[in-house]
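J.: Here you go, one structure.
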Amino acid sequence: MGTAFKVMVAFCIGLGALYAAQRVWLGYVMAQIAAQPAVPLSQQVSYEPIKTVDPKLMQKAMGVVGPIDTREGQRLAVEGAARRIDMTNRAALAHVPLPPARIPGVRY
């Protein structure tokens, strides 16, 4: 009974000391933050309005976009699917036990 009481008292004292240490540290940090001069997060920048843009000139600058050839992407997708199937088959075969090298009584 006496040991359990001492353990509980020590536990409560430890919690109190931990709480006090955290409060002192938090107060110290808050004082440091309050002591800093107020600094704006970003400098004020004056913005100029966007100049007028000619849409025809923009289209000419972008160039002509023709049809996109997707044959290479399709080929790569098919090859990737075939590779995944091959890897799945190899992994399944790796888990199948090999036949014995020699069965007694059977002629080869």
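Table: residues versus (1) surrounded by 10 or more Cβ atoms within 10 Å (Cβ to Cβ); (2) among the basic types (Lys, Arg); (3) free of Cβ contacts under 8 Å to residues at least 24 places away in the same chain; (4) at positive phi.
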residue: Gln59; (1), (2), (3), (4): yes, no, yes, no
residue: Gly63; (1), (2), (3), (4): no, no, yes, yes
residue: Ile68; (1), (2), (3), (4): no, no, yes, no
residue: Arg75; (1), (2), (3), (4): yes, yes, yes, no
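J.: Another question about this same structure. Being part of a loop (DSSP other than H, G, I, E, B), out of contact with any strand residue (DSSP E or B) (no Cβ under 7 Å at 6 or more places or on another chain) and not hydrophobic (A, V, I, L, M, F, W, C) narrows it down to one residue among Tyr28, Tyr47; which is it?
T.: Of the residues listed, the single one that is part of a loop (DSSP other than H, G, I, E, B), out of contact with any strand residue (DSSP E or B) (no Cβ under 7 Å at 6 or more places or on another chain) and not hydrophobic (A, V, I, L, M, F, W, C) is Tyr47.
J.: Which of the residues spanning the stretch 1-34 are of a type in the set (Gly, Ala, Ser) and under 43 Å from the mean Cα position of the chain (by Cα)? Walk me through how you get there before you give the answer.
T.: The first filter runs over the stretch 1-34 and keeps only residues of a type in the set (Gly, Ala, Ser), leaving 2, 4, 10, 14, 16-17, 20-21, 27, 31, 34.
Once the filter is applied, which keeps residues that are of a type in the set (Gly, Ala, Ser) and under 43 Å from the mean Cα position of the chain (by Cα), the stretch 1-34 yields Ala10, Gly14, Gly16, Ala17, Ala20, Ala21, Gly27, Ala31, Ala34.
J.: Of the conditions (1) basic (Lys, Arg); (2) assigned to a loop (DSSP other than H, G, I, E, B); (3) under 37 Å from the mean Cα position of the chain (by Cα), Arg102 satisfies every one except a single condition; which number is it?
T.: With (1) basic (Lys, Arg); (2) assigned to a loop (DSSP other than H, G, I, E, B); (3) under 37 Å from the mean Cα position of the chain (by Cα) applied to Arg102, the lone miss is (3).
No value in this document is a laboratory result; all are computed from the given coordinates. Keep in mind it's a predicted model, so treat the numbers as computed, not measured. Please note: Cβ atoms are built from the backbone with ideal geometry, for glycine as well, and neighbour counts cover all protein chains shown.
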